[in-house]
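Have a look at the structure below, then the notes.
A short reminder: the numbers here are calculations on the coordinates, not readings from a lab. What you are looking at is a predicted structure, and each value in this text was computed from that prediction instead of being measured. Every residue, glycine among them, receives a Cβ derived from its backbone with ideal geometry; neighbour counts consider all protein chains shown.
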Amino acid sequence: MAATDPVITLAAFLKLEAPDGDVRLCDGGMLDFDSERYESQDAVFGTIAEAAELEAAFGDAAEDGQLILAPNPEADLADWWREDLPGCRIRAWMGEVDADGVTVTNAEQLADWLVDTGERLQQEDGGDMLALELIGRPEKLFIINEGNVCSDRFHQTLFSGELGMSNCTDLQGFVAWGAASPTRSTSSGGGLGPNKYAAGGLGALLF
Amino acid sequence: MVAVTLPDSPGPRNVQWELVDFGGIVPGALGGPDQRVNRLGNRWRATVEMPVLTAKQAREWSAALVRGVRLGVLWEIVQPGFSPGVPGRPLVAGASQTGWELDADTFTPGYVWRPGQFISVLIGTQRYIYQFAESGRVETDGTATLPIEPALRVSPGDGDTIEVVRPVMQGLVAAPAWAYDVDKLARGFSFTITETR
């Protein structure tokens, strides 16, 4: 990528190391990087709907990020709305596409994240998005139990069969019952506005 | 999802082709050189202007467009003043192709393609529109390397169909401000199809 080139082709792309295999997404068309093909959509996780600004930090702050994916509506909900996403690694790159229109040889890694939490955004217009809150991968070093996040999955590894975390009210429900949460009698607006999201599933029952 | 095929008559009065371009120009500050930054994934959008329709035609278009808003549409491309000739039944030659060239075979030997001519490539159930960037001639064995714009967005499989005589655009039709009212449609209307990928 030389500043003297009158014409260059740039591409941003990311790799999510999901439990069922890598998800490789780029911002349009397709490209090859490190002998792997990145496409603009994935059969399960769909496309990138929104990527928050990359945030670097120093001092006592840590880098983080947010990524919103628009999963394929035809994919099984359980394949993308799952409790084993937290802890998965996500990397993002920006690189110049070579003259063949597909190969990226030199790319700069923009971020190296872990999925912290996932949230399902069910919207009034039918959109069903997966919002991933991301933490910097070095954040693993901040805590004694490296790489573990407070989740039912982790809890089960320590106390198998102890369901206290499953019934914790502050956690996301992963039961794919597909229903939007009922109107809360105490809420002022009522119903689901364009920017209000239903938790769905277990969470909906507990609130 | 099966896209709705739009009626093939009457033909459009005018078609405005637009390249959906995700790139841009970075202007040079203080008189420095400009730089064009291309992004991947460029595709096509067509705004189709229809002539005055009969009531029967208007009802057919109304039905197709209403369903097409939900399912997407298939629209046979009209290239006014252009005859595509006899290309044979060309197929994609070789899997995993990328970039701005598409290898094809089983063309009619000696077929000449023209710059600006549209083709569609059928991959699975999805069609992708490409335009020939320059003219060329098919080899005597029916093979050709087709110069296309924009770059291949999806790698076709070996033996996928290339539609040259009757290319078909597949995309989403935007719900316009006007109603799908037969009376309004009969007086002539326009709609926009945008490729999704």
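How many nm separate the modelled label positions at B:Lys184 and A:Glu50, each set 7 Å beyond the Cα in the direction of the Cβ?
Inter-label distance under the simple model: 3.1 nm.
Consider just the alpha-carbon atoms of the protein assembly as shown and return their Rg together with their Dmax, both in angstrom.
Rg then Dmax for the protein assembly as shown, in Å: 25.3, 77.
Which residue fluctuates the most in chain B, going by a Gaussian network model with Cα springs under 10 Å, if the choices are B:Thr108, B:Thr145, B:Thr125?
Highest fluctuation of the listed residues: B:Thr125.
Please give the net charge around B:Ala3, taking every other residue with its beta carbon less than 12 angstrom from that of B:Ala3, where Lys and Arg add +1 and Asp and Glu add -1.
On the way: positive: B:Arg67, B:Arg70, B:Arg127; negative: B:Glu195.
It works out to a net charge of +2.
First select every other residue whose beta carbon is under 9 angstrom from the beta carbon of B:Asn42; then total the charges, Lys and Arg +1, Asp and Glu -1. Spell out each step's value before the answer.
Working: positive: B:Arg39, B:Arg43, B:Arg153; negative: B:Asp21, B:Glu149.
Neighbour charge sum, excluding B:Asn42 itself: +1.
Counting Lys and Arg as +1 and Asp and Glu as -1, each charge on the Cβ, what is the dipole of the range A:10-140 about the Cα centre in debye, to the nearest 20?
Numbers: 9 positive and 32 negative charges, 46 e Å.
With only Lys, Arg, Asp and Glu charged at Cβ, the dipole is about 220 debye.
Running Debye on the range A:4-137 with equal point scatterers at the Cα sites and no solvent, what base-10 log of I(q)/I(0) appears at q = 0.20 Å⁻¹?
Debye curve over Cα of the range A:4-137, log10 I(q)/I(0) at q = 0.20 Å⁻¹: -1.18.
Treat every Asp and Glu Cβ in the range B:1-101 as -1 and every Lys and Arg Cβ as +1, leave all other atoms uncharged, and give the resulting dipole magnitude about the Cα centre to the nearest 20 debye.
Roughly 320 debye, rounded to the nearest 20.
Cut-off 10 angstrom, C-alpha nodes, Gaussian network model of chain B. Which of B:Leu74, B:Leu152, B:Leu19 fluctuates the most?
Most flexible of the set in this elastic network: B:Leu19.
Please give the charge dipole size of the protein assembly as shown, origin at the Cα centre, charges +1 on K and R Cβ atoms and -1 on D and E Cβ atoms. Round to the nearest 20 debye. Don't skip to the answer; put the middle values down first.
Numbers: 30 positive and 57 negative charges, 384 e Å.
Dipole of the protein assembly as shown, to the nearest 20 debye: 1840 debye.
How many nm is it between the label spots at B:Arg13 and A:Asp5, if each spot is 7 Å from the Cα in line with the beta carbon?
Going by the 7 Å Cα→Cβ label model, 4.6 nm.
Working from the alpha-carbon coordinates of the range B:88-166, get Rg over Rh, Rh being the Kirkwood radius. Let's see the in-between values first.
Numbers: Rg = 11.1 Å, Rh = 12.1 Å.
Rounded to two decimals, Rg over Rh is 0.91.
Taking the Cβ of A:Ile8 as the centre, find all other residues whose Cβ is under 13 Å away and add up their charges (Lys, Arg: +1; Asp, Glu: -1).
Summing Lys/Arg as +1 and Asp/Glu as -1 gives -2.
Please report the relative contact order for chain B, taking Cα pairs under 8 Å with a sequence separation of at least 6, and give it as a percent rounded to a whole number.
Details: 452 pairs, mean separation 54.2, N = 197.
For chain B, the relative contact order is 28 percent.
Starting from the coordinates of the alpha-carbon atoms of the range B:6-57, obtain the Kirkwood hydrodynamic radius over all distinct pairs and give the value in Å to one decimal.
On the way: mean 1/r = 0.0687 Å⁻¹.
For the range B:6-57, inverting the mean 1/r across all distinct Cα pairs yields 14.6 Å.
Once you wrap a convex hull around the alpha carbon atoms of chain B, what is its projected area averaged over all directions, in nm²? Walk me through the numbers before you get to the answer.
On the way: hull surface 53.9 nm².
Result: a mean projected hull area of 13.5 nm².
For B:Thr143 and B:Asp21, FRET efficiency with R0 = 30 Å and r from the beta-carbon atoms, rounded to 0.05? Numbers along the way, then the final one.
On the way: r = 31 Å, r/R0 = 1.04.
The computed FRET efficiency comes out at 0.45.
Taking GluC sites (Glu not before Pro) as exposed when DSSP calls them loop (any state but H, G, I, E, B) and at most 16 other Cβ atoms lie within 10 Å, what is the longest stretch of chain B free of them, the sites themselves excluded? Kindly include the intermediate steps, with their values, before the conclusion.
Working: sites that count: B:Glu134, B:Glu139.
The reported range is B:1-133.
With a bin width of 10 angstrom, please list the P(r) values of the range B:62-105 as percents of all Cα-Cα pairs, from the 0 bin to the one holding the largest distance.
For the range B:62-105, the pair-distance distribution reads 18, 25, 33, 23, 0.
Between B:Asp34, B:Asp160, B:Asp105, which gets the highest mean-square fluctuation from a Gaussian network model of chain B, Cα cutoff 10 Å?
B:Asp34
Restricting to bridges with both residues inside the protein assembly as shown, how much of the DSSP beta-bridge set is antiparallel, in percent to the nearest 5? Write out the running numbers ahead of the final one.
Details: 88 of 97 bridges.
Beta bridges within the protein assembly as shown, antiparallel portion: roughly 90 percent.
With runs of 4+ DSSP H residues as the only contributors, calculate the mean residue ellipticity of chain B at 222 nm using -39,500 (n - 2.57) per run, divided by the residue total and rounded to the nearest 500. Don't jump to the answer; show the numbers that get you there.
Numbers: 2 runs with 22 residues, N = 197.
Result for chain B, helices only: -3500 deg cm²/dmol.
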